[in-house]
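Comments concern the structure below.
The values are calculated or read from the model by the stated rules, or taken from the named source; none is laboratory data. Please read these numbers as outputs of a predicted model, since none were measured by experiment. Here the Cβ positions follow ideal geometry from the backbone for every residue, glycine too, while neighbour counts run over all protein chains shown.
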Amino acid sequence: MTAQSLNVRIALLLTLPPLLWASNAVAGRMLVGAVPPVAINALRWVLALVVLLPLGWRAIGTPEARRQVLQRWKPLALLGLTGVGAYNALQYLALTTSTPLNVTLLTASSPVCMMLVGALFYGQRPTARGLVGAALSLLGVAVVLARGELAALASISFVPGDLLMLLAMLSWSFYSWMLAKPVPSMAGEQRPAWDWWGFMLIQTLFGLAWAGSAALLEAAIAPAPVQWTTNTVLTLVYIALGPSILAYLCWGRGVAAVGPATAAFFINLTPLFAALLQALLLGVPPQPYHAVAFALIVAGILVSSRT
């Protein structure tokens with residue numbers, strides 16, 4: 001795959017997912033106490049599956065189509081695990097002990113994760129500008145973790161949500177690189193003629209195997225009933241349509257166009273949207289150290305995106 005130059009269309013394509021994922025963090029926080037966190041992930045993808053089935057059924061609608069899927073079950077299972085099963089479940093778990101703004105600010109570690117995964121597993125050496133931009137983003141993460149007291153980094157204690165969100169970003173990095181650098185059976189002429197809807201349907205089916213199993217394990221370890229209210233249902237429907245289907249559509253096409261390393265910097269726009277949505281919907285205003293962290297993140301974007 002040859003990466004294209006970043007243009008306005010691709011930039012807009014990559015800006016929509018951060019907005020939707022910021023709203024997903026706020027929505028996930030609103031569901032805390034009403035739906036168990038891992039169950040939120042399973043339910044959102046069940047609803048997404050209902051939408052995807054009539055749109056992508058051709059990818060599994062014939063014996064030959066199903067044979068092509070089963071022949072590639074290993075890479076598809078990994079895509080389902082990292083993109084559908086693990087990433088969102090870890091984010092919802094993080095939101096039980098952290099705020100939407102902190103969670104989204106921690107996504108600033110995405111460029112670092114993308115570069116590490118690309119260098120260690122895909123032979124992609126980072127550029128000098130990319131390293132500087134990643135360093136600025138990482139400093140922004142440090143400001144969040146230290147709650148604005150950088151001198152306290154030496155004795156910082158992570159809340160569980162911080163660590164879970166960093167693990168979620170590592171999972172997302174592997175997912176993005178597998179999209180951009182697929183194995184031979186998933187690339188070129190060897191790849192079946194799946195359109196986006198069919199490919200997303202297949203990922204969702206494999207991902208639901210992971211997400212459903214995790215939700216059953218959660219129910220066995222920490223059983224908690226779902227509080228079915230109108231707000232609960234509407235919130236789940238929203239995160240199934242927006243942060244799930246639409247965001248993944250835009251992200252997949254954007255990554256295919258410019259590559260994971262460049263696309264990762266757009267994730268850093270998520271905190272800005274999260275700060276605004278959190279203040280509007282949850283009544284939790286951002287703190288001064290959040291502004292410092294965001295300034296560092298923006299600086300990282302500007303440095304890394306200069307041509």
| remark: If we ask which residues in the range 212-241 are surrounded by 17 or more Cβ atoms within 10 Å (Cβ to Cβ) and over 19 Å from THR82 (Cα atoms), their number turns out to be 4
| said: Please go through the range 197-240 and give me each residue that is of a type in the set (Phe, Trp, Tyr), under 16 Å from ARG44 (Cβ atoms) and under 22 Å from the mean Cα position of the chain (by Cα), ordered by number. | reply: PHE206, TRP210, TYR238
| Hey, LEU16 surrounded by fewer than 24 Cβ atoms within 10 Å (Cβ to Cβ), modelled with pLDDT under 95, part of a helix (DSSP H, G or I) and not β-branched (Val, Ile, Thr) or not | yes
| message | Can you find a residue that is of a type in the set (Phe, Trp, Tyr) and over 23 Å from THR204 (Cα atoms) anywhere in the range 82-95? | response | no
| Just a yes or no: is a residue in the range 288-302 aromatic (Phe, Trp, Tyr) and more than 27 Å from ALA48 (Cα to Cα)? | yes
| message | Considering only the range 243-252, I want to know if a residue exists there that is hydroxyl-bearing (Ser, Thr, Tyr), surrounded by fewer than 23 Cβ atoms within 10 Å (Cβ to Cβ) and modelled with pLDDT of 80 or more. | response | yes
| task | Kindly indicate whether SER171 is among the polar types (S, T, N, Q), assigned to a helix (DSSP H, G or I) and either closer than 16 Å to LEU93 by Cβ or touching a His at 6+ places or on another chain (Cβ under 9 Å) (or both). | result | yes
| Residues (of a type outside the set (D, E, K, R), farther than 11 Å from LEU76 by Cβ and either assigned to a helix (DSSP H, G or I) or touching a Gly at 6+ places or on another chain (Cβ under 9 Å) (or both)) located in the range 202-223 | LEU208, TRP210, ALA211, GLY212, SER213, ALA214, ALA215, LEU216, LEU217, ALA219, ALA220, ILE221
